[in-house]
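Below is one structure; the comments refer to it alone.
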Amino acid sequence: MTPPKSVPVANNMDAFLMPFTANRQFKANPRLLARAKGVHYWTPEGRKVIDGTAGLWCVNAGHGREEIKAAIAQQLEEMDYAPSFQMGHPKSFELAARHAAMLPGDLNHAFYCNSGSEAVDSALKIALAYHRANGQGTRTRFVGRERGYHGVGFGGISVGGMVNNRKWFGALLPGVDHLPHTHLPQNAFSKGEPEHGVHLADALEGIVGLHDASNIAAVIVEPCAGSTGFLPPPKGYLKRLREICDKHGILLIFDEVITGFGRLGTGFAAEKFGVIPDLMTVAKGISNATVPMGGVFVRKHVFDGLMQGPENAVDLFHGYTYSAHPLACAAASAVLDIYKDEALFQRAGELSSYWEEGVHSLKGLPNVTDIRNLGLACGIDLAPEGAVGTRGYKAFVKAFDIGLMMRQSGDALAMSPPLVIEKGQIDEIIEITGKAIRAVA
Ligand code: PXG
């Protein structure tokens, strides 16, 4: 039988196995988004919802950008697809050169993929290949961090530190240790980078002491942990990690899938904190989420390290059919124009103190146990009500019902509006958040 062209949503909800969703609960009472423009979504019934999270931390330049649409349409007209294995297309090289030019330090080479998860697994593999190519093939271990989120590939969940993302999936990658997370109670209600916790980086010395540096390939951290409820790093923490990695020849990977492309008021967290990682993973804001794209930026020594074999030999046995997909490259290039023309990273930086004031004004509301912020992002912890996540979920649903999309992870709420947000819209986000928190007291 020929399948019908489209099936009314109400009759068809069962078929979709939704990711990271309570499927039956959702389908009994769905939250649907049908249209988006600027910093707003509209439901199928036409109800307007302000986007407090830039989609899933990804629509940094706002929704429905005409310039990106035009670039994708033009690329589709010109050439829908071209491979990047032993072939190439001009836009991929142009994009890599543009990224190289805007990245700090000598992070001047780009590998492309289709998501943050792929970026993380690619970065881990590049780290292994680099060490092997340089005669240090015993360096196979990785170090991640508790409460870290690095996507959902086996590599990413192995170095990640969110228990529910790990516990269902067996033995994971062998040879992974975790640094302690940086969410310290004495830092509650910190504005910006918290004071306490630089010493937590020293746990890396303990891991080196246990395994020996000659067995450790790389450390991977998010400069600000995102999915766990947004945790900015303690003052000096990332610098300390960099120093310990340097001392022991361990590669440092920053997972900037959330912090990259302006979220903190700079192009990348590496600039914000003055710490250059050896590899950096990105996704989300790279294409403003219009066409899926991820990437790994690597420093010169990592790239050069991979280029030591015979000229006619493949340098990296890794890549995806859709690495540097022409539509993604066209979108990413158009997004860079917008970021530059509208100075959106700078704009995020300028708005960050207004945002900080707004989110911290929620201190004192019932059950609010911590508020954190940096750039245009924040995390708000609520005291649990019975099972973990119950109150957080209720707040998230309430906010949506009264016109705001936020994110919820357990009892932590997180927000990260598009960088084009206006002050009045920030006020609106804060007001609705306050109402939602009061409603679940
Ligand atoms: N690394 C980091 C730091 C991320 O935040 C990924 C990797 C994986 O990216 P992909 O594109 O494979 O999903 C992410 C993704 C949330 C939330 O609500 C965060 C992400 C994804 C979905 C929800 O915090 N981050």
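The values are calculated or read from the model by the stated rules, or taken from the named source; none is laboratory data. Everything numeric here is computed off the predicted structure, so don't read it as measured data. Neighbour counts run over all protein chains shown; Cβ positions are idealised from the backbone, glycine included.
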Checklist entry - Where in region 5-81 are there strands (runs of 3 or more DSSP E), lying fully within it, with 2 or more residues that are touching a Phe, Trp or Tyr at 6+ places or on another chain (Cβ under 9 Å) and at pLDDT 95 or above? => result 35-37, 48-51
Checklist entry - Picking from Gly424, Gly386, which residue would you name as being surrounded by fewer than 20 Cβ atoms within 10 Å (Cβ to Cβ), modelled with pLDDT under 95 and away from the ligand (no atom under 14 Å from the Cβ)? => result Gly386
Next on the checklist: Cβ-Cβ under 9 Å, sequence separation 6+ or interchain: first residue in region 236-262 and basic (Lys, Arg), partner assigned to a loop (DSSP other than H, G, I, E, B). Which pairs?
Outcome noted: Lys239/Gly274; Lys239/Val275; Arg242/Val275; Arg242/Ile276; Arg242/Pro277
Checklist entry - Looking at region 211-219, is at least one residue within 16 Å of the ligand (Cβ to nearest atom), surrounded by fewer than 20 Cβ atoms within 10 Å (Cβ to Cβ), modelled with pLDDT of 95 or more and more than 21 Å from Ala414 (Cβ to Cβ)? => result no
Next on the checklist: For region 194-210: of the residues being part of a loop (DSSP other than H, G, I, E, B) and in contact (Cβ under 8 Å) with a residue 40 or more places away in the chain, which is surrounded by the fewest Cβ atoms within 10 Å (Cβ to Cβ)?
Outcome noted: Glu195
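Quick test for you: out of Gly262, Gly226, pick the one residue that is in the same structural domain as Lys125 (by TED's automatic domain parsing), within 11 Å of the ligand (Cβ to nearest atom), small (Gly, Ala, Ser) and surrounded by 20 or more Cβ atoms within 10 Å (Cβ to Cβ).
After applying the criteria, what remains is Gly226.
Residue by residue, here is whether (1) crowded, with 16+ Cβ neighbours inside 10 Å; (2) more than 16 Å from the chain's Cα centre (by Cα) holds:
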site	(1), (2)
Ser287	yes, no
Val291	yes, no
Val296	yes, no
Lys300	no, yes
Pro310	no, yes
Phe317	no, yes
Tyr320	yes, yes
Leu327	yes, yes
Ala330	yes, yes
Checklist entry - If the Cβ limit is 7 Å and pairs must be 6+ apart or interchain, which residue in region 109-129 that is part of a helix (DSSP H, G or I) pairs with which residue that is among the basic types (Lys, Arg) and within 15 Å of the ligand (Cβ to nearest atom)? => result Gly116/Lys284
Checklist entry - Are any residues in region 237-259 more than 12 Å from the ligand (Cβ to nearest atom) and touching a Gly at 6+ places or on another chain (Cβ under 9 Å), and if so, which ones? => result Tyr237, Leu238, Lys239
Next on the checklist: Condition check: within 16 Å of the ligand (Cβ to nearest atom), assigned to a helix (DSSP H, G or I) and either of a type in the set (Asp, Glu) or closer than 26 Å to Leu76 by Cα (or both). Does Ala96 satisfy that?
Outcome noted: no
Item to check | Members of region 130-159 found to be in a helix (DSSP H, G or I) and either within 16 Å of the ligand (Cβ to nearest atom) or acidic (Asp, Glu) (or both), listed by number | outcome: Phe154, Gly155, Gly156, Ile157, Ser158, Val159
Checklist entry - Does region 308-331 contain any residue that is within 16 Å of the ligand (Cβ to nearest atom) and under 30 Å from Gly236 (Cβ atoms)? => result no
Checklist entry - In region 294-343, what count of residues is obtained for those that are under 16 Å from Asn134 (Cβ atoms), in a loop (DSSP other than H, G, I, E, B) and among the charged types (D, E, K, R)? => result 2
Next on the checklist: Within region 160-193, take every residue that is on the phi > 0 side of the Ramachandran plot and free of Cβ contacts under 8 Å to residues at least 24 places away in the same chain and give me the one that is nearest to the ligand (Cβ to nearest atom).
Outcome noted: Leu172
Checklist entry - Restricting attention to region 68-81, which residues are more than 18 Å from Ala283 (Cα to Cα) and either surrounded by 13 or more Cβ atoms within 10 Å (Cβ to Cβ) or among the polar types (S, T, N, Q) (or both)? => result Lys69, Ala71, Gln74, Gln75, Leu76, Met79
Next on the checklist: Please go through region 232-259 and give me each residue that is surrounded by fewer than 24 Cβ atoms within 10 Å (Cβ to Cβ) and either touching a Ser or Thr at 6+ places or on another chain (Cβ under 6 Å) or polar (S, T, N, Q) (or both), ordered by number.
Outcome noted: Pro234
Checklist entry - Can Thr43 be described as under 27 Å from Val257 (Cα atoms) and among the β-branched types (Val, Ile, Thr)? => result no
Next on the checklist: Residues to consider are Pro44, Pro104; find the one that is touching an Asp or Glu at 6+ places or on another chain (Cβ under 8 Å), in contact (Cβ under 8 Å) with a residue 24 or more places away in the chain and either surrounded by fewer than 21 Cβ atoms within 10 Å (Cβ to Cβ) or in the same structural domain as Val298 (by TED's automatic domain parsing) (or both).
Outcome noted: Pro104
